[in-house]
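A short worksheet on the structure shown next.
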Amino acid sequence: MYEAIVAARAVVCGAGGLTGHMQSICRGRGIPVLRVDQADLDDLVGEVTLYLESQSIVIGSESGAGAPDPGTGGQLLDRLGAACAVIADLQDIETINACGPDAQRVDTFFIREEFLCLAAGLRPLDALDGGHAAIELYGRAVAGRLCTFVEALLPGQRLVLRLLDLRSDHAAGVTELAPVAVEPNPELGLHGARWLLGSAAYREALHAVLRSLRERLGEEAGRVHLSVPFVNDAEEFAQLREHLRLPADVPLSAFVETPAAVHATAAICAAGASELFVGTKDLVQFYLAADRSNHLVAESYQTRHPAVMDGLRRVVESARGAGTPVRVFSLGSDLDHYLERLPTPNGYMMCTAELQQVLLQA
């Protein structure tokens, strides 16, 4: 339902958590989301009014729908460092770069390959299972989308592509032909670096992407960087770099989003990671054993929990000690808390709409 969701004024759902994938897409666009009991969904027909502060919905129109969210405040901009915008498609780059002179403070745009596929209508696993011609077409299609993104960048900005990370339950919803294994716990299953290590077809597709970028962009292709998802340790990172057969001049960064990766930060840096990105949303759920997409454990999913803060601190300090750039993802509501309590990383990552608020209020 990606196209319907991003076109909506608001989303009402019967399940899901604050940092689940659907809400992450909505947060990037500034689309409000409210969850109600599943049994009440059928009664929400026609015009409805959403009250975000009280987490309530009224059928029909009403005036005085509450004060808007005041946002994070412009005073945070100077403390933010080099900002990274987490995007879903081209519109998000245009939104940030329309924020005036302070848009230059955003030097990086980060996109997940699967979100790029959603926006472009691509079916990655079907393509990868379709032979050389289908793989080449997929790679060139991904590169084509990336080229339009690069053309929208301001001088000094770059794009980071997080390599394909489709969990089996998500893959089943966007695949028509390719076989997808049924896993009892997809969140802890075969995805991220684990899946990438076993796929020769994806390696071929990635080389098609890089080749097409060089053909179309020339030296500007260097503005597209790559990042490894869901990596646990230095050995896994080194194995994946070798498996992908990346040229020496292609930087490869790593995502830190498991407790194992937190403790392996220094070793991952030593293994050649060009940069680190801390995926706080997943890190929280793995530290606290609380599914970020399950509203039933929302009270246990705490982005400021002492264990989480300790993990974030360890990553930043280890990366700084190794001389490796590091960026930490933050929800808008957590940014001030992180700024006050964490050692200073090279910058923070934020969803588009929340980062736009910071830029416009500066």
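General observations
- For region 250-266, a residue qualifies if it is within 13 Å of Val326 (Cβ to Cβ) and either over 16 Å from the mean Cα position of the chain (by Cα) or without any contact (Cβ under 8 Å) to a residue 24 or more places away in the chain (or both), and the qualifying residues are Ala261, Val262, Thr265, Ala266.
- The residues listed here are Glu151, Glu215, Glu113, Glu187; of these, the one that is out of contact with any helix residue (DSSP H, G or I) (no Cβ under 6 Å at 6 or more places or on another chain), closer than 21 Å to Gln91 by Cβ and surrounded by fewer than 21 Cβ atoms within 10 Å (Cβ to Cβ) is Glu151.
- Considered as a group, the residues in region 300-337 that are hydroxyl-bearing (Ser, Thr, Tyr) and surrounded by fewer than 21 Cβ atoms within 10 Å (Cβ to Cβ) include one that is nearest to the chain's Cα centre (by Cα), and that residue is Ser333.
This table checks each residue for (1) within 22 Å of Thr108 (Cα to Cα); (2) touching a residue at least 12 places away in the same chain (Cβ under 8 Å).
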position	(1), (2)
Gly198	no, no
Leu206	yes, yes
Val224	yes, yes
His243	no, yes
Ile268	yes, yes
Val278	yes, yes
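- Positions within region 153-192 being over 24 Å from Phe286 (Cβ atoms), part of a loop (DSSP other than H, G, I, E, B) and in contact with a strand residue (DSSP E or B) (Cβ under 9 Å, 6 or more places away or on another chain), in sequence order: Leu153, Leu154, Gly156, Gln157
- Residue in region 162-183 that is at pLDDT 95 or above and among the basic types (Lys, Arg) present: yes
- Selection within region 73-110 - part of a loop (DSSP other than H, G, I, E, B) and out of contact with any helix residue (DSSP H, G or I) (no Cβ under 6 Å at 6 or more places or on another chain): Gly73, Leu80, Ala82, Ala98, Gly100
- Condition met for Ile59 (β-branched (Val, Ile, Thr) and modelled with pLDDT under 85): yes
- Failed condition for Ala133, given (1) out of contact with any Pro (no Cβ under 9 Å at 6 or more places or on another chain); (2) over 19 Å from Ala171 (Cβ atoms); (3) surrounded by fewer than 18 Cβ atoms within 10 Å (Cβ to Cβ); (4) at pLDDT below 95: (4)
The values are calculated or read from the model by the stated rules, or taken from the named source; none is laboratory data. Since the structure is predicted, the reported quantities are computational estimates derived from the model, not experimental observations. Please note: Cβ atoms are built from the backbone with ideal geometry, for glycine as well, and neighbour counts cover all protein chains shown.
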